[in-house]
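Single-structure report; data block below.
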Amino acid sequence: MAKLIVLGSACAIPDETHENTHLALLGRDGAFILIDCAGQPVIRLRRIGLHYDRLTDLILTHFHPDHTYGVSMLIMEMWLRGRRNPLRIHGAPHCLERVEAMMQAYDWDTWPRLFPVSFVPVDSHEGAPVLENADYRILSAPVKHFVPTIGLRVEDRRTSHVLAYSCDTEPCPGDLWLARGADVLMHEAAGKGIGHTSAGQAGEIAREAGAKRLVLIHYCVDGKDISTLVPEAEAAFGGPVTLAEDFMELEW
Ligand SMILES: [Zn+2]
């Protein structure tokens, strides 16, 4: 089965037990993909038994700090630990240009024997390809946030089962496109308002899209009551709802 591990489940403000949202997508041969990058991923990956050398691709959904601030630490730490394997970074041009500028601000072109890093821009339309490997076919759609942002539709190539990830968005056509018939819809639930979605709205999207299962992520934790999120989404969806937690494993 296709497998994803939640490395962080919080919205922009984390707490002691909820890191900012980022995800590891596992391949069957031990290689894996990172989706967004917060904190110190190398250490977090070690905790779940993943070695940084097996990271092939990093997908960045948008250039906000809580989704990208870990990139410089990830690259520096892998370099210092002796990584030689190349890394591809995928995302909208708006995001990739800024990540590259951020790394240039750290003078990364002067780091001796830095492993190869390439940037792969993703187009801004529903169904835009992100990457394809032996395990997954990953498509994207633009969603509605404060800066250019992509959501993802991850298809297991062996079973055709789909996990959709809304990323940060308010309800919008791209969001619905991603979620259509998904086996798992992982949806943000940061709250109702411009650029974000409430748990109830995530439930409505899951119902409208015909998703089989809903997982709420990127929710507010610090000093917030999170016990209402699942019931609120369940009432709107009418299907199974789970609250993502750090290190939760999802199979689909
Ligand atoms: Zn954001």
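The values are calculated or read from the model by the stated rules, or taken from the named source; none is laboratory data. These numbers were taken from a predicted model, which means no experiment stands behind them. As a convention, Cβ positions derive from the backbone with ideal geometry for all residues, glycine included, and neighbour counts pool all protein chains shown.
For the range 103-119, a residue qualifies if it is exposed (fewer than 14 other Cβ atoms within 10 Å of the Cβ), outside any loop (DSSP other than H, G, I, E, B) and touching a residue at least 12 places away in the same chain (Cβ under 8 Å), and exactly one does: S118.
Residues to consider are G181, G195, G151; find the one that is modelled with pLDDT of 95 or more, surrounded by fewer than 24 Cβ atoms within 10 Å (Cβ to Cβ), within 16 Å of the ligand (Cβ to nearest atom) and not acidic (D, E).
Numbers: G181 fails: within 16 Å of the ligand (Cβ to nearest atom); G151 fails: surrounded by fewer than 24 Cβ atoms within 10 Å (Cβ to Cβ).
Result: G195 is the single residue among G181, G195, G151 that is modelled with pLDDT of 95 or more, surrounded by fewer than 24 Cβ atoms within 10 Å (Cβ to Cβ), within 16 Å of the ligand (Cβ to nearest atom) and not acidic (D, E).
Quick one: how many residues across the range 120-151 are under 20 Å from A101 (Cβ atoms), hydrophobic (A, V, I, L, M, F, W, C) and not in a loop (DSSP other than H, G, I, E, B)? Number of matching residues: 2. Each residue in the range 129-140 was checked for being within 16 Å of the ligand (Cβ to nearest atom) and farther than 19 Å from G195 by Cβ, and 0 of them qualify. If the Cβ limit is 6 Å and pairs must be 6+ apart or interchain, which residue in the range 50-68 that is touching a residue at least 40 places away in the same chain (Cβ under 8 Å) pairs with which residue that is within 16 Å of the ligand (Cβ to nearest atom) and of a type in the set (S, T, Y)? If the second residue must be within 16 Å of the ligand (Cβ to nearest atom) and of a type in the set (S, T, Y), the pairs left are T61/T149; H62/T149; H67/T61.
Per the conditions (1) loosely packed, with under 15 Cβ neighbours inside 10 Å; (2) within 22 Å of G151 (Cβ to Cβ), the sole criterion not satisfied by H67 is (1).
From the list V143, V122, which one is within 16 Å of the chain's Cα centre (by Cα) and either in contact (Cβ under 8 Å) with a residue 40 or more places away in the chain or more than 16 Å from the ligand (Cβ to nearest atom) (or both)? Outline the logic, then answer.
Values: V143 fails: either in contact (Cβ under 8 Å) with a residue 40 or more places away in the chain or more than 16 Å from the ligand (Cβ to nearest atom) (or both).
Just one listed residue meets the conditions, V122.
What strands (runs of 3 or more DSSP E) lie completely within the range 176-252 and have 3 or more residues being among the aliphatic types (A, V, I, L, M)?
Numbers: elements: 184-188, 214-217, 241-243, 249-251.
Where strands (runs of 3 or more DSSP E) fall fully within the range 176-252 and carry at least 3 residues being among the aliphatic types (A, V, I, L, M), they are 184-188, 214-217.
The set of residues in the range 154-173 that are outside any loop (DSSP other than H, G, I, E, B) and within 15 Å of the ligand (Cβ to nearest atom) comprises Y165, E170.
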